[in-house]
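Just below is one structure, and these are the notes that go with it.
The values are calculated or read from the model by the stated rules, or taken from the named source; none is laboratory data. Source: prediction; values computed, not measured. Reconstructed Cβ throughout: ideal geometry from the backbone, glycine too, with neighbour counts over all protein chains shown. Note: areas computed on protein heavy atoms with side chains; ligands, DNA, RNA excluded. Shrake-Rupley method; radii C 1.70, N 1.55, O 1.52, S 1.80 Å.
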Amino acid sequence: MSWNLTLHQQNALRLALVFVLFEVLTTLAVVFLLMQPLATRATSDLAGLMVLAAQTWAELPPETRPAFERELTASHGLTLAVAPPTGAVRTAWHGIYVRELEAQLAQRTAAPLDLASVDAGAEPWLWAGVPAGGRTLWLGFPRSRVGPQPLAAALLTLSAAIILAWLAAWWLGHSTVAPLKRFAVAATVLGRGATPELLPETGPRELASLARRFNQLACQVHDLLEARTTLLAGLSHDLRTPLARMRLALELVQRRPDPAWIERLEADVEEMNHLVGDVLELARGLDGEAAVPVDLAAVLEALAGRAWEAGAEVAVQCPDLRISAPPAALRRVLGNLLANAQRYAGDGAIELRAQSSDGACIIGVIDQGPGIPEDQLEAVFRPFHRVDASRSPVTGGTGLGLAVVRQLAQANGWRVWLENRRGGGLAAWVSVPTGSGEPPLQGRCSCTPASSIPGTTRPA
């Protein structure tokens, strides 16, 4: 059988066990290290006084004995009687103090001795028979004379400890459960596909870190849902155009066969195939790939070589750098940025630049094209978004290249951003962490530069 306890109950049970264990250890330490020595010393003095009083009474003349008894009661709280008290009951357990007193009396009288208890009115008395002068004299004192009550003290402190444990558990549980309840509500909203309110990133370090990660996850899910909607809408829109042309071409071919219409059909099919390929590339953007040591200069030189073959002028500025990164993802990100620069830079030169900065490797693709309006520097990373209003792939591409770049960067914990350069042109930067630290969350909501590289200016 398993108990499904709440956090309050679990904390209360654990704290109660800790308090009980602490109480038991404290009680044992107090009894054996403090009360036992004090009881031994105090009972030794009382036992000596009782034996001495009995012997003195036995040696006194009979006419002075009543005065001695009164003095003994007034000064020391002891009552002396010749006959045993009425209703005396011998008990086997009296506690530490009485047990030590019995041992001290037995040691001084050289005979076993047990104290007897008598209920005398509102307060019980303890009596001891002390042999003196050939007879047994009875000396008694009220139970209140024995001050220490370890059992009562242990029960009282144990009860207080359990009550404090429940109060502390309620306080600790409330301070912990309240943020968790907010997490549960936000997770429920997120599970329905809606965007929850961002959680406050306050409180203990662990809860604040959990809230920060959850907020990043919520932003990622929101971005993914928006990207999915945009992707489906853009795909359906971009497929309708070649489909309409193909339908028209088929009708014309039926009326008058012409090789030009066949070529147009083949071009439309190729356009649709290219669009579907880009969509699949975007869908595979989050596939995992192991990071391995990569020679960054060699990667940039290979990309520049392929661009040179396509007729682009590309220069590479990269020191001897080796970074740990998924090679295919890195080549795809840099290749898409380079292809974007080739499309818009015209005949201008393109520069591939890399350098280390603040625990990261900053890689830039810099062109001399017209740049991008400041208000669209972030929007161009959305699927099917084009600065060029034309939907033609010849002038504006499919609008998925930068979306793939953002997806891959988010999946690998990189940061990517665009900047307009002074004097014209666009700089696309990718920051690949090289130091150790907290693992990045896949799908960060926004990407901002960690540092600035000379020759560029940050967007407003």
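Can you name the residue in the range 186-224 that is loosely packed, with under 14 Cβ neighbours inside 10 Å and outside any helix (DSSP H, G or I) and, of all such residues, is nearest to the chain's Cα centre (by Cα)?
P204
For the range 228-242, does any single residue satisfy the condition of being of a type in the set (S, T, Y), in a helix (DSSP H, G or I), at pLDDT below 75 and farther than 24 Å from A411 by Cα?
Checking the range 228-242: at least one residue is of a type in the set (S, T, Y), in a helix (DSSP H, G or I), at pLDDT below 75 and farther than 24 Å from A411 by Cα.
Among the residues of the range 34-46, what is the count of those that are surrounded by fewer than 17 Cβ atoms within 10 Å (Cβ to Cβ) and modelled with pLDDT under 80?
Looking only at that region, the number is 3.
Determine which member of the set I323, I363, I350 is β-branched (V, I, T), more than 41 Å from the chain's Cα centre (by Cα), closer than 23 Å to V432 by Cβ and crowded, with 18+ Cβ neighbours inside 10 Å.
Numbers: I323 fails: more than 41 Å from the chain's Cα centre (by Cα); I363 fails: more than 41 Å from the chain's Cα centre (by Cα).
None of the other options fit; the residue is I350.
Report, by residue number, each residue of the range 7-37 that is more than 43 Å from the chain's Cα centre (by Cα) and in contact (Cβ under 8 Å) with a residue 60 or more places away in the chain.
Matches in the range 7-37: M35, Q36.
Name, by its number, the condition in (1) among the aliphatic types (A, V, I, L, M); (2) open to solvent by less than 50 Å² (accessible area, probe 1.4 Å); (3) in contact with a strand residue (DSSP E or B) (Cβ under 7 Å, 6 or more places away or on another chain) that does not hold for V89.
Result: V89 fails condition (2) only.
Could you count how many residues in the range 282-305 are open to solvent by less than 70 Å² (accessible area, probe 1.4 Å) and either modelled with pLDDT of 70 or more or closer than 20 Å to Q342 by Cα (or both)?
Going through the range 282-305 one residue at a time, the tally reaches 13.
Has the range 384-403 got any residue that is open to solvent by 10 Å² or more (accessible area, probe 1.4 Å), modelled with pLDDT of 80 or more and assigned to a strand (DSSP E or B)?
For the range 384-403, residues open to solvent by 10 Å² or more (accessible area, probe 1.4 Å), modelled with pLDDT of 80 or more and assigned to a strand (DSSP E or B): absent.
Name every residue in the range 47-66 that is free of Cβ contacts under 8 Å to residues at least 60 places away in the same chain, hydrophobic (A, V, I, L, M, F, W, C) and open to solvent by less than 60 Å² (accessible area, probe 1.4 Å), in order of residue number.
Correct list: L49, L60.
Only one of these is modelled with pLDDT of 60 or more, polar (S, T, N, Q) and in contact with a Gly (Cβ under 6 Å, 6 or more places away or on another chain): Q355, Q407, Q376. Name it.
Q407
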